[in-house]
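Report on one structure; see the data block that follows.
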Amino acid sequence: MSDQTAGFPNPSNAWNQAAAPSAHHYPLQVRDYGLGTAISLLVRSAPYAVAHFGILLGCSVAGIIWLIVMFGGAAWLGTHIAHVFGIVWFIGCLVGIGWLWGAVLRYMLHLLTCGHVAVLTDLITTGQVGNGSESMLAYGKRVVLARFGQVNALYGLNLMVRGIINSFHRTLDWIDQILPIPGLESLGSLVAMVLRAATRYLDKVILSYNLARGDGDPWIGARQGLVYYAQNAKPILMTSLWIVVQERVLTVIVWLVMLAPAAAITVALPPVMRESGGVVTLIVAVMLAYAFRAAFIKPLFLIKMIIRYHGLIENQPINQAWDERLASISDKFRTLGTSAAAGFRPV
């Protein structure tokens, strides 16, 4: 990837005043980002995967009950009162479950994932987790809060990082070159899928870098981590391409496997739901597959991305030209520099 930055204006000096760009300094025990290594690390950090799956499985059960209430209530209201009341009930249930997912569950799962990233970072950089005196779940929470002070700061920083990455991706003019098969350069949807997959993982990858540094202001660490990503975007996105392919294949396989238990669950449901048995079975299978995918498949590929990132930046100096380029294309990146210089913490 070229480091040409001609034509980009020189940004504010806030970043330079906050901390001079420098290479990272931390050990690295794992460099192989193959699937076997990722599986091994997932097994070693199994309490997080199990906790994630347990939460999502519980949510799937609650979702099935919600489906019963949603379909059953809509059918009863539409039959005994008025059709419009059934429609209103159905829409209200959809809005309610959407709010619960967006406002509560996603936030909770995000924090759980960040704790998992803390544990994985220890395994990748030192080969062990803490001193063994506390559980992995407690250790991950303690490390993350010690670094960021409060969960709102962590959540706000991750959202900012994701926005900056999206801004950077929109400037890439070589992205179609990562497609390995000639003639596929025009498949914009595939390119967009790769970028979405990368962005979904990269805020956690930057968090891992931040935790591995372990010193100084986390906002400065986030800025350094973003510059390192920009310097190595092409090989990282190449890894993302194969992650997209493997993740989609595994997700379909899991969904097909889940059709059998979903059909058994459908048979046990009330008659009003069995009337739409095929649709209900598909929905239940999707819910069960989603729980398995989020708990085991996505962390597997997150591990691959984290290892790939740390391996690429090992002993690599920060290129100030990339810092200037990011500052020129992203207001959020400039804000990140100002925040670092001022020692700002969001609340």
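For segment 230-332, give me every one of the helices (runs of 4 or more DSSP H) that falls completely inside it and has 1 or more residues that are over 26 Å from CYS59 (Cα atoms).
In segment 230-332, 233-267, 298-313, 320-329 are the helices (runs of 4 or more DSSP H) which contain 1 or more residues that are over 26 Å from CYS59 (Cα atoms).
Any idea which residue in segment 247-268 is nearest to the chain's Cα centre (by Cα), counting only those that are β-branched (Val, Ile, Thr) and either modelled with pLDDT of 80 or more or surrounded by 15 or more Cβ atoms within 10 Å (Cβ to Cβ) (or both)?
THR251
Output the residue which, of all residues in segment 157-177 that are among the charged types (D, E, K, R) and in a helix (DSSP H, G or I), is modelled with the highest pLDDT.
For segment 157-177, the residue satisfying everything is ARG162.
Among the residues of segment 283-298, which ones are over 19 Å from the mean Cα position of the chain (by Cα), open to solvent by less than 40 Å² (accessible area, probe 1.4 Å) and free of Cβ contacts under 8 Å to residues at least 40 places away in the same chain?
The answer is ALA285, and nothing else.
I'd like the residue in segment 178-200 that is modelled with pLDDT under 60 and outside any loop (DSSP other than H, G, I, E, B) and, out of all such residues, is surrounded by the most Cβ atoms within 10 Å (Cβ to Cβ).
ILE178
Can you give me the number of residues within segment 227-246 that are open to solvent by 10 Å² or more (accessible area, probe 1.4 Å), of a type outside the set (S, T, N, Q) and touching a residue at least 60 places away in the same chain (Cβ under 8 Å)?
The qualifying residues number 3.
Looking at segment 50-66, can you tell me whether even one residue there is assigned to a helix (DSSP H, G or I), at pLDDT 90 or above and more than 19 Å from the chain's Cα centre (by Cα)?
no
Name the one entry in ILE313, ILE307, ILE303 that is in contact with a His (Cβ under 8 Å, 6 or more places away or on another chain), closer than 28 Å to LEU123 by Cα, open to solvent by less than 40 Å² (accessible area, probe 1.4 Å) and modelled with pLDDT of 80 or more.
Going through ILE313, ILE307, ILE303 in turn, the sole match is ILE313.
If I ask for residues that are modelled with pLDDT of 90 or more and either more than 16 Å from ALA212 (Cβ to Cβ) or open to solvent by 30 Å² or more (accessible area, probe 1.4 Å) (or both), which ones from segment 5-32 would you list?
GLN29, ARG31, ASP32
The values are calculated or read from the model by the stated rules, or taken from the named source; none is laboratory data. Not measured: the values here are computed from a predicted model. As a convention, Cβ positions derive from the backbone with ideal geometry for all residues, glycine included, and neighbour counts pool all protein chains shown. Just the protein is used for accessible areas: all its heavy atoms, side chains included, with ligands, DNA and RNA removed. Shrake-Rupley method; radii C 1.70, N 1.55, O 1.52, S 1.80 Å.
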